[in-house]
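The values are calculated or read from the model by the stated rules, or taken from the named source; none is laboratory data. Keep in mind that this is a model prediction, so the values were computed, not measured. Cβ sites come from the backbone with ideal geometry, for glycine too, and all protein chains shown count toward neighbours. Just so you know, the surface numbers come from the protein's heavy atoms only, side chains and all, with ligands and any DNA or RNA stripped out. Shrake-Rupley method; radii C 1.70, N 1.55, O 1.52, S 1.80 Å.
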Amino acid sequence: MIYLDHLASTPLDPLVLEAMLPWMRPDAAGNPHAAHAAGWRAADAIERARAEVATLVGAQPGEVVFTAGATEANTLALLGSLPPEGACVVSAVEHASVLGCLPELRRRGHPVTVLPVDGDGRVDPAAAERALASLDGTPALLSVMAANNEVGTVQPLAELAEIARRHGALMHSDAVQALTTRPIAMGPIDMAALGLHGLSLSGHKMYGPMGIGALVARPPFRPAPLSPGGGQQRGRRPGTLPTPLCVGLGTACRLVRERRESDTDRIHKLRDRLWQRLRDGLPTIRRNGAADGLAGCLNVTLPGIDAADRLLELPDLAAATGSACHSGAGEPSHVLLAMGRSAADAHATLRFGLGRDTTAAEVDAAAARLIAVLGG
Ligand code: PMP
């Protein structure tokens, strides 16, 4: 199996697994919220993990709220943070977990604005400026992802955060895809330096475990909990914390910090190698998204093919058509449509996600198989 679907999920790093295992053994039993030695040990490990998450994104440990993943973090950020008259401004290329909150926000009477993107999937800061200016002082949340999960385009977060600040709005970013490598078009994401109030991340997109993520919320951003009962995490996200998953996420964040620079350079070169091979072998191929986007992302259209069908001919190659959240649904990617592509082109599109474990030999073998199947 050649695994080129790291944007959908990254394999667990062996060091993460090693750090988690002791907390899954029977002798590690103990509710981390319980007042006895076993509970305190678990709570200690969780607090160390919380500090690792905070360090990775330039926040304070107390600002990290563990969730079940980024879908929950995004939901908490969007549905929990607006005052009664508050407005929400998002981009058209957000993940489904953000866009899916919009009908509920509208139902609650919140004004909602969806910002268009250009042909590369990038939001124009001037459009965000106009949207916030037209709200005329209404409290607002601007939520724009750091990097897109389908085409890899990086958003101008610093500019957007500055615009939000000028208009007294809060700024949240779904940074799920932008943490493991340094997006080519920006440095590491530092919430304090960028002026971000909220950030969502997910364990299984950064070589950590599935089923855990975090919303990092810096004052005055204080999302109300989605579950009213239980006081864990100071009531911000009640529920017993899963010690092994928290420890795994913390370890994954530490490894990302240590490896991000070298991962970025290596993965970026492999991504360019894959693009070159495919371009040489498939003359009609076109690339989607900004070339200076996520290091590991390559999104391509081969006009006329049925991408989903053709991938079935390559069962030993893990790649995606559009986003994983769309595959199976048969709907053309909302990201490609927002970028001005046709539904036919969206169905002819493949997404490759390269990662920490990808090798040059795998890239060459994947390209050869793709050219053999798609070039005929
Ligand atoms: N946002 C983005 C940009 C994503 O790529 C994903 C995963 N597809 C999510 C949010 C949802 O994350 P999770 O799987 O942790 O719920």
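For the reader, a short list of remarks on this structure follows.
- Looking at the range 65-165, the trypsin sites (Lys or Arg not before Pro) that sit in a DSSP loop and have at most 12 other Cβ atoms within 10 Å of their own Cβ are ARG108.
- Cα gyration tensor, the range 15-256 - rounded (a/c under 1.5), prolate or oblate: prolate
- Applying 1/(1 + (r/R0)^6) with r as the Cβ-Cβ distance of ALA193 and ALA92 and R0 = 35 angstrom yields a FRET efficiency of 0.85.
- Net charge contributed by nearby residues that have their C-beta within less than 12 Å of ARG165 (K/R +1, D/E -1): -2
- Largest GNM mean-square fluctuation across CYS101, CYS246, CYS88, computed for the chain with C-alpha springs under 10 Å, falls on CYS101.
- Note on the chain: with a GNM built from Cα contacts shorter than 10 Å, the maximum mean-square fluctuation among ALA70, ALA38, ALA295 falls on ALA38.
- Using the 1.4 Å probe convention, the accessible area of the chain works out to 39 Å² per residue with neighbouring protein chains retained.
- The relative contact order of the range 15-256, computed from alpha carbon pairs under 8 Å that lie at least 6 residues apart in sequence, is 28 percent.
- Taking θ as phi - 60° and the Karplus parameters 6.51, -1.76 and 1.60, the scalar couplings of the range 357-367 work out to 9, 5, 10, 4, 4, 5, 4, 5, 5, 4, 4 Hz in sequence order, x denoting glycine and proline.
- Accessible surface of the range 15-256 [probe 1.4 Å, protein heavy atoms]: carbon and sulfur percent: 56 percent
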